[in-house]
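Student: So that we are looking at the same thing, I have put the structure below in structure tokens.
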Amino acid sequence: MAKNSIGLVELGSIAAGFEACDAMLKTADVELVLARTICSGKYVVLVRGDVAAVESSVQAGARAAGAAVIDTFVIPNVHESIFPAISGTTRVEALAALGVIESFSVASLIEAADAAAKAAQVQLIEVRLAMALGGKAFVTLTGNVAAVESAVAAGAQVLSRKGLLVNKVVIPAPHPELLNEMI
């Protein structure tokens, strides 16, 4: 089976985060991608695997954490650019147009980044997850102006439906120094 699904549990308690992570890993054959504290005193657990395993894992984590759960998701067929963007390993030489989508939650931002990447021919640059951001998260992406506009609109729509969109921008011809500031 393909291990192209991801699932995340975002928690308002660090202690509950450890408990949820343990339950998630014991429940199903999933790979731990990320488990860490984030601002402001929250914890996230991100796993990958086949769809059924990820769904079981996320359900177990949410059950174990109870009221500490802020948000969860399972993305059955995640866009391949999500992982390098989360780990900050995407190489970008120049920006055509720059899109930025900002969210109040980590879970919803990853869903928005996936929707953006699937909506148009863009390159995800970075998915920044609540580190030194007061619990917020954002994604940056590049491509031609029309593609970036479409991708940003698709990602923002995901966040707007949940009431978690902070802001979104499309910069048609960003100054070259802006890329140096981003990386």
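We did not get these values from a lab; they are worked out from the coordinates using the rules stated. Since the model is a prediction, treat every value here as computed from it, not as a measurement. No Cβ is skipped: glycine too gets one built from the backbone with ideal geometry, and neighbour counts run over all protein chains shown.
Student: How large is the helix-only mean residue ellipticity at 222 nm for the chain, computed as the sum of -39500 (n - 2.57) over DSSP H runs with n ≥ 4, divided by its residue count, in deg cm²/dmol to the nearest 500? Don't skip to the answer; put the middle values down first.
Tutor: Numbers: 6 runs with 74 residues, N = 183.
So the helix-based figure for the chain works out to -12500 deg cm²/dmol.
Student: Towards the positive end of the charge dipole of the chain, with charges on Cβ (+1 Lys, Arg; -1 Asp, Glu), say which of 53, 20, 141 has the farthest Cα.
Tutor: So the residue furthest toward the plus end is 20.
Student: To continue, here is another question. Express in nm, to one decimal, how much length is gained between residue 67 and residue 4 on full extension, taking 0.36 nm for each residue of separation and deducting their alpha carbon distance.
Tutor: Working: separation 63, 0.36 × 63 = 22.68 nm, distance 2.87 nm.
Answer, rounded to one decimal: 19.8 nm.
Student: Report the local net charge at residue 102: Lys and Arg +1, Asp and Glu -1, summed over other residues whose C-beta lies under 13 Å from its C-beta.
Tutor: Values: positive: 128, 136, 168; negative: 126.
Around residue 102, the surrounding residues sum to +2.
Student: Any chance you could run the full-extension gain for residue 14 through residue 39? It's 0.36 nm times the residue separation minus the Cα-Cα distance, nm to one decimal. Please list the in-between numbers first.
Tutor: On the way: separation 25, 0.36 × 25 = 9.00 nm, distance 1.07 nm.
Working it through step by step, the gained length comes to 7.9 nm.
Student: Given a Förster radius of 41 Å and the C-beta distance between residue 94 and residue 52 as r, what FRET efficiency does 1/(1 + (r/R0)^6) yield to the nearest 0.05?
Tutor: On the way: r = 41 Å, r/R0 = 1.01.
Here the calculated transfer efficiency is 0.50.
Student: Counting Lys and Arg as +1 and Asp and Glu as -1, what is the net charge of the other residues whose Cβ lies under 13 Å from the Cβ of residue 141? Please report the intermediate quantities before stating the final value.
Tutor: On the way: positive: 118, 128, 168; negative: 102, 114, 126, 149.
Counting the neighbours of residue 141, the net charge comes to -1.
Student: Between residue 157 and residue 31, with labels modelled 7 Å along Cα→Cβ, what's the label distance in nm to one decimal, could you check?
Tutor: About 3.1 nm separates the two model spin labels.
Student: Could you give the size of the charge dipole of the chain about its Cα centre, using +1 on the Cβ of each K and R and -1 on the Cβ of each D and E, expressed in debye and rounded to the nearest 20?
Tutor: Details: 13 positive and 17 negative charges, 55 e Å.
Dipole about the Cα centre, nearest 20: 260 debye.
Student: Given the peptides 79-90, 107-118, arrange them by the average over their residues of other C-beta atoms within 10 Å, most packed first. Show your work: numbers first, answer last.
Tutor: Values: 79-90: 16.4, 107-118: 25.2.
In decreasing order of mean packing, 79-90, 107-118 become 107-118, 79-90.
Student: What is the sum of charges around residue 4, taking Lys and Arg as +1, Asp and Glu as -1, for the other residues whose C-beta is under 14 Å from the C-beta of residue 4? Write out the running numbers ahead of the final one.
Tutor: Details: positive: 3, 48, 118; negative: 31, 50, 55, 80, 114.
Net charge in that neighbourhood comes out at -2.
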